[in-house]
Amino acid sequence: MLKKIFFFLIAGAALAAIAWFGYQKFTTTTTTTKFPGKITIGHTPWPGYIGLYIAADKGFFKDNGLDVDLKAYPGLAELSKDYVAGNLQGRSNLTLDAINEAHDGLDQKVVIVIDYSKGSDGIIASKNIEKFYDIKGKKVAFEAEGLEEFFLRYALNNNQISLNDIIPLNLDPQKSAEALVKGEADVAVTYEPFMGNALLESGGHKIFTSADAPGLITDVLTFRSDFVKDYPGTIEAIVNAYFRAIQFWKENPAEANSILAEYLDTPLEQVPSQLDGVYVLNKEDNRTAFTFAAGVQSLYGNMRQIGEFVHGIREKRGEIRRVDTDAMIDPSFIRKISK
């Protein structure tokens, strides 16, 4: 009898030990998903990133137990190169760039829709062109195979015009604007601040802007997929800090604008006009953006359309592989904070 009691006691103790160690393993796995080191997020200075700037400046990332460094880059090409090389955990990104990076082999996830352009990108024309249809047969300056070409094709298609109906000049956005001023181009596809300066100097006007296609030109926050998988707690904390910053901006616009002016190295009085050209999405907007729909204001619809554009360009170079843009989107973090 005593042997039986002893046996059950030993068995019970063993089961308790197994349960305890199993519990310890479970809790360790589910509660230590925050990255222990410095998290570097790359960006190019842009008014739409006001949420990131506030979160860093006001210590909202630190409040969530994170050491976040916002690393500024002078241009998108350098930023993308560093990101693909693995020198950054995440970056503020254009959906177009994110898809190109995926084609180049980077596995990443979109976790927040930051903003979309609502007038800061545009197609501007000289005085002799009254309406969009008049660009047929005219010299149009734009950067080929990039965002400007995608934007131009969208506008042309909306007006039943083909790319073959214009005379293309392959110039970057700044030089496109300069070409319009010099009379070397009749039309330029560009963005602020180049657009505003060119309009002042040339006396030209806008014939199509991103305000005519809300959601088409979209900025997102992306992180490398392995980082998201290994440290979901970190991503959740970043998302929470970010939307806390967006709320701070709404409640304290004057202080928020001062923070933005410092990050952009621009006069404070110019900040409101720069913000006018972008629409920064809040939590509710993100909930909508992360739902399935065909239109460009759905992240899925936006990335599918841009994915087709990018695939068409790369196919001409002999690249057959397609990128599944739906798989690049991780809605779990937005869904969690929206509950």
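The values are calculated or read from the model by the stated rules, or taken from the named source; none is laboratory data. Source: prediction; values computed, not measured. Note that each Cβ is placed from the backbone with ideal geometry, even for glycine, and that neighbours are counted across all protein chains shown.
Assorted remarks:
- Within the span defined as the stretch 111-133, every residue fails to be crowded, with 19+ Cβ neighbours inside 10 Å, farther than 30 Å from GLU184 by Cα and polar (S, T, N, Q).
- Of the criteria (1) closer than 30 Å to VAL271 by Cα; (2) modelled with pLDDT of 95 or more, which one ASP121 fails: (2)
- Within the stretch 250-265, considering residues that are closer than 12 Å to TYR53 by Cβ and among the polar types (S, T, N, Q), the one farthest from the chain's Cα centre (by Cα): SER258
- Residue among PHE227, PHE248 that alone is buried (at least 20 other Cβ atoms within 10 Å of the Cβ) and either of a type in the set (A, V, I, L, M, F, W, C) or closer than 22 Å to LEU94 by Cα (or both): PHE248
- If the condition is being polar (S, T, N, Q) and either within 18 Å of LYS118 (Cα to Cα) or not in a strand (DSSP E or B) (or both), then the stretch 149-208 contributes ASN157, ASN158, ASN159, GLN160, SER162, ASN164, GLN174, SER176, THR190, ASN197, SER202.
- Pick from the stretch 45-98, criterion under 28 Å from GLN270 (Cβ atoms) and polar (S, T, N, Q), ranking: surrounded by the fewest Cβ atoms within 10 Å (Cβ to Cβ): SER80
- Scan of the stretch 147-203 for residues that are of a type in the set (Gly, Ala, Ser) and within 27 Å of GLU308 (Cα to Cα), ordered by number: ALA155, SER162, SER176, ALA188
- Single residue of VAL323, VAL280, VAL271 found to be of a type outside the set (Lys, Arg) and touching an Asp or Glu at 6+ places or on another chain (Cβ under 6 Å): VAL280
- Pairing each residue of the stretch 300-322 that is in the same structural domain as ASN100 (by TED's automatic domain parsing) and at pLDDT 90 or above with any residue that is surrounded by 12 or more Cβ atoms within 10 Å (Cβ to Cβ) and basic (Lys, Arg), provided the two are 6+ apart or on different chains, yields C-beta distances under 8 Å for GLY307/ARG322; PHE309/ARG153; HIS311/ARG322.
- Residue in the stretch 124-146 that is at pLDDT 95 or above, out of contact with any Lys or Arg (no Cβ under 9 Å at 6 or more places or on another chain) and closer than 22 Å to VAL220 by Cβ present: no
- Filtered residues of the stretch 278-322 (kept if under 16 Å from LEU94 (Cα atoms) and touching a His at 6+ places or on another chain (Cβ under 7 Å)): VAL310
- Check on LYS182, under 25 Å from THR44 (Cβ atoms) and among the basic types (Lys, Arg): no
- Only one of SER176, SER162, SER126 that is polar (S, T, N, Q), touching a residue at least 40 places away in the same chain (Cβ under 8 Å) and not assigned by TED's automatic domain parsing to the domain that holds TYR242: SER126
- Note on the stretch 323-339: residues that are polar (S, T, N, Q) and at pLDDT below 90 total 1.
- Looking across the stretch 229-256, the residues that are without any contact (Cβ under 8 Å) to a residue 40 or more places away in the chain and in a helix (DSSP H, G or I) come down to LYS229, GLN247, LYS250, GLU251, PRO253, ALA254, GLU255.
- Options TYR279, TYR263, TYR300; residue that is surrounded by 14 or more Cβ atoms within 10 Å (Cβ to Cβ) and over 23 Å from ILE99 (Cβ atoms): TYR263
- Yes/no for ASP226 being in contact (Cβ under 8 Å) with a residue 24 or more places away in the chain, outside any helix (DSSP H, G or I) and touching an Asp or Glu at 6+ places or on another chain (Cβ under 9 Å): no
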